[in-house]
Each structure stands twice: as structure tokens, then as C-alpha cells.
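Note sheet for the following structure.
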Amino acid sequence: MTKKSKKTTDSVTVNRRAHFDYTLGDELTVGMSLSGPEVRLIRDHHVQLKGSFVTIRNGELWLNNLTLGADTARNIRLLATKKQIASLEREKVAGSTIVPVKLLGGSRYIKLVIALGKGKKKYDKRETIKKRDYERGKY
């Protein structure tokens, strides 16, 4: 008798720059409206989140500047409930930014993890570097 193994959601790509440039808050996992070739490129790890950002247009979430394949920036619609979009819009008006953090693609569906972030100042970034170096044992 075979046992069904539950697939884990493997991270396809992580936006490491987001953790450095923003103080991240609440995270939300949303779906993506993709075509067949886009899915293939993501599954083959030909994707970069660097430089991409999330906007709200006409009550919909959009992922802008997603790099797929050979330097093609695309705008992709994100799938979230109206209630989630409304709460994100309230936070955005209050001064937060919606940042894509990582792309999950280990299961049947491809999902995007987005987070609310506050931009860091230059001195905050220097403090982060100093703390990271101290934890590594450089000093």
C-alpha cells in the first residue's frame, strides 16, 4: 500500500533585496493569473523578483516588472479576495508599500507571497549590515 506524500511548497525565488530595503510586516499569499509559457518559465526557475512591485488598479492587484526569461518585464494580475485587497489598500494609503517577497511553485499552483513594508532609511540599512556582520563574527 502506498502512502500519499504531501507536497511541500518549494520556493522558486526569493526577493532578498526586499528584506534589506523594507521593514516587512504582515504577509499574504496570493495566486497569479498566468499563461502556459509563463508557468513553464517559472517552474524552470527563469524568473526574478528583483525590481518588481505590487500596485492596486481598479480594485485588482497587479505585479509589475516581473522578469521572466530573457529580460522581459511583465505585468501579471494577482488573485486575492476583495476583503484582502481592501485591507491592503487601507494600509497603502497609510504609507505602507506592498512588496513581493517570494514565489512558491512546489505544488500544483504557483503562488506569490506579498508583504506590507515600510521603507528603511540609509542609517537603518547600515545598522542592519552592522548587526549581520556582528552575528557572523566579523568583529
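Quick notes on this structure:
- Cα gyration tensor shape of the chain, rounded if a/c is under 1.5, else prolate or oblate by comparing a/b with b/c: oblate
- Dipole orientation for the range 11-136: of the candidates Val14, Asn75, Leu24, Leu24 has the Cα lying most toward the positive pole (charges on Cβ; Lys, Arg +1; Asp, Glu -1).
- Asp124, Asp21 arranged by Cβ crowding within 10 Å, fewest neighbours leading: Asp124, Asp21
- Ranking of Ile114, Ile85 by count of other Cβ atoms within 10 Å, fewest first: Ile85, Ile114
- Cα centroid separation, the range 17-62 to the range 88-129 (Å): 10 Å
- Computed FRET value (nearest 0.05) for Arg90 with Ser11, which takes r as the C-beta separation and R₀ as 25 Å: 0.30
- Anchor Lys125: aspartates and glutamates whose Cα lies under 15 Å away (excluding residues fewer than 8 positions away in-chain): Asp21, Asp133
- Basic side chains Lys and Arg get +1 at the Cβ, acidic Asp and Glu get -1 at the Cβ, and with that the dipole of the chain about its Cα centre reaches some 360 debye.
- Separation of the Ser107 and Thr128 label points, Cα + 7 Å toward Cβ, nm: 2.9 nm
- Value of [θ]222 nm, deg cm²/dmol, for the chain, DSSP H segments ≥ 4, -39500 (n - 2.57) each, nearest 500: -8500 deg cm²/dmol
- Take the Cα of Asn58, step 7 Å toward its Cβ, do the same at Ser35, and the gap between the two points is 1.8 nm.
- Of Ile129, Ile76, Ile42, the sequence from fewest to most neighbouring Cβ atoms within 10 angstrom is Ile129, Ile76, Ile42.
Read the figures in this text as sums done on the coordinates, not as results from a lab. Every value quoted in this text rests on a predicted model; they were computed, and no experiment measured them. Counting neighbours? That spans all protein chains shown, and the Cβs are built from the backbone with ideal geometry, glycine included.
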